Amino acid sequence: MDRAARRPADPLPLTPDGGVGPQADLDELARRGRLLVVDTVAHSGAGHIGGPLSAMDLLVALYFGVLRIRPDEPDWPDRDRFILSKGHSAIGLYVVMALRGYFPVAELASFDTGDSRLQGHPDMTRLPGLEASTGSLGQGLAVGLGIALGARMRGLGVHTFVMLGDGETQEGMVWESVMVAAKYGLGNLTAIVDCNGLQQYGWPPAPGDEGRGDRRDPLAGARLRDALEAFGWRVLEVDGHDVEAIVAACADARGAAAGSQPTAILARTVKGRGLSFTEGRFEWHARVATAHEVAAARLELGFEHPGEAGP
Ligand SMILES: Cc1ncc(C[n+]2csc(CCOP(=O)(O)OP(=O)(O)O)c2C)c(N)n1
């Protein structure tokens, strides 16, 4: 079948504009979001799975429980700003933006095609609602701190949230941004780190550890907390799959006084979360599900419609 003519299966009870409205149950939304990620990547034939599934509860919490935004007026000057610094998880962001009403869910079918607004990594010149183009790891926090500083200078009461991967914190530019944000006391800036402990191929084993096959990141967990605190940030830790807890942590971060420390929320997550065959498996970083796997995902997530998605 012609790729452009196919569309992801859509099990959602949608409103006419393709959104579901902010009152929907957030865990249910995350479950639906996960299926749309798997379906859309299968439909497109390319994309990432592990990172978007890891971040899905964080994205749902942000877009449905935290961010002050107007999907029908994406450039509203008083909106909160959100930057997905780990831009390879773009499909997770697009799914949640579609559910929130930025564009019709059916448009996900164009993901990663030539002239689509939904590029494989976020492109702010194409899709209204994106605050930055990302994908080259390490840059999102620098953009976020510039926005937060500018907002404070202009007296805007907006809050800027930036989501990073824990593997991404190996980029030196992250720490330059951490240092500058602390220097300027940007209490209106919050970094959310998706701490799943895995990245694309992980770290090579340390000398003597060759047989262990342990690809966990050395900065995951306690060492990341220590480093951020040493640079002058306030650090909160949260279960990154507990939507209510994430919303509460973000509210706490938003409450930081002007001129005080920026906040980092370390969200403990599982890469590939939600499907037994993707959880904790680095090889699903950017794998495409087969038709059989899409069907298995649908069953595991509790959706029985056959749908059209899948190769
Ligand atoms: C500067 C840069 N180097 C390498 C890559 C290739 N790359 C894409 S994702 C990724 C791993 C990212 O790991 P992490 O930040 O932990 O993301 P997650 O596990 O949440 O997907 C790498 C190395 C990139 N996009 N940018």
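Observations, loosely collected:
- Annotation for Ala296 and Asp27: the two label points, set 7 Å from Cα along the Cα-Cβ direction, are 2.5 nm apart.
- Computed from the C-beta positions of Asp75 and Thr125, the FRET efficiency with R₀ = 22 Å rounds to 0.95.
- Between the stretch 221-260 and the stretch 35-92, the C-alpha centres lie 20 angstrom from each other.
- Note that the stretch 87-126 carries a Kirkwood radius of 10.0 Å, evaluated over its alpha carbons pair by pair.
- Spin-label model distance (nm) - Ser276 vs Met153, 7 Å beyond Cα toward Cβ: 5.5
- The order of Cys195, Cys250 by accessible area, most exposed first and with a 1.4 Å probe, is Cys195, Cys250.
- Shown for the stretch 49-191: the carbon plus sulfur share of the solvent-accessible area, taken with all protein chains present and a 1.4 angstrom probe, equals 51%.
- Student exercise, the stretch 20-169 dipole from Lys, Arg, Asp, Glu Cβ charges, in Debye to nearest 20: 280
- Full extension of the chain segment joining Ala257 with Ala222 gains 10.0 nm, where the gain is 0.36 nm per residue of separation less the Cα-Cα distance.
The values are calculated or read from the model by the stated rules, or taken from the named source; none is laboratory data. Bear in mind the structure is a predicted one, so any value in this text is a computation, not a measurement. We place every Cβ from the backbone using ideal geometry, glycine too, and count neighbours over all the protein chains shown. Remember, those area values only see protein heavy atoms, side chains included, never the ligands or the DNA or RNA. Shrake-Rupley method; radii C 1.70, N 1.55, O 1.52, S 1.80 Å.
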